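Nothing in this text is a laboratory measurement; each read-out follows from the coordinates by a stated rule. All of these numbers come straight from a predicted model, not from anything done at the bench. Neighbour counts are summed over all protein chains in view; Cβ atoms, including those assigned to glycine, are modelled from backbone coordinates with ideal geometry.
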Amino acid sequence: MPERVKSRYPLALADLVADQLVEALTPGCQRIAVGGSVRRRRPDVGDIEIVLVPITRPELDLWGNTVRVRDDTDRILADLMLSDILSSRGAWGPLNKFLLHLPTGIPVDIFTATTANWGRDLMIRTGSAAWNIKVMSRLQRLGYRGHAYGPHAVTGPDNRGLFAPDEESMFSLLGWAY
């Protein structure tokens, strides 16, 4: 069976699409940034990765009890899908949404972060596979367990969870200069 070749897109085009999506999503976000190969400024990219911390609002029942928490970015993404700007590529969960930008065909991956671990999520979603292996290997050598998801950026030898609210904090945990 022949190997499927992943399409590549010029950085200039990916920048335009990423900027449009960030602009559309910003009203529903506490924080938002483009990661991946676009952030690394690769001349061509395979997808656009966006990391965001959504604004969430409780949805209440008649008695004032929280029934569920509504994520403002979900509403915006649904509007973009109804406008034939985005389409789902399958996964649509609370942490990951894999989409397709219909006018260009560029895959778009949306990753939901928290303010407590923004630094971890942005670092992981920006790094190449080789970079992420280097980060996780370094954490292991330091006696930590790194996490791509979950409430803590890393867990220490004493099972105490540590946060990384910015990239500088994550580099500090790694013992590397920012």
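For the chain, the membrane-span-like helix rule (DSSP H, alpha carbon extent of at least 15 Å along the helix axis, mean Kyte-Doolittle at least -0.5) picks out 11-25, 72-82, 129-141; this says nothing about an actual membrane. 3J(HN,Hα) couplings calculated from phi for the stretch 40-49 with the Karplus curve 6.51 cos²θ - 1.76 cosθ + 1.60 (θ = phi - 60°) are, in sequence order, 6, 6, 5, x, 9, 10, x, 6, 10, 10 Hz; Gly and Pro show x.
Converting the Cα gyration tensor eigenvalues of the stretch 116-178 into ellipsoid dimensions via √(5λ) gives semi-axes, longest first, of 15, 13, 11 Å.
Comparing Cα centroids, the stretch 105-147 and the stretch 155-178 end up 12 angstrom apart.
Amide H contacts of Ala113: Leu52, Val53, each under 5 Å away and 5 or more positions distant or on a separate chain (H built 1.01 Å from N in the peptide plane; Pro and chain starts excluded).
Taking only the Cα atoms of the chain, the radius of gyration and Dmax are 17.8, 59 Å. Tell me which of Gly161, Tyr178, Thr104 sits at the most positive position along the dipole axis of the stretch 76-178, charges placed on C-beta atoms (Lys, Arg +1; Asp, Glu -1). Looking along the dipole axis, the top candidate is Gly161. Taking amide H positions as placed in the peptide plane 1.01 Å from N, state which residues far from Cys29 in sequence (5 or more) or on other chains have amide H under 5 Å from it. For Cys29, whose amide H was placed from the backbone, the distant partners under 5 Å are Ile55.
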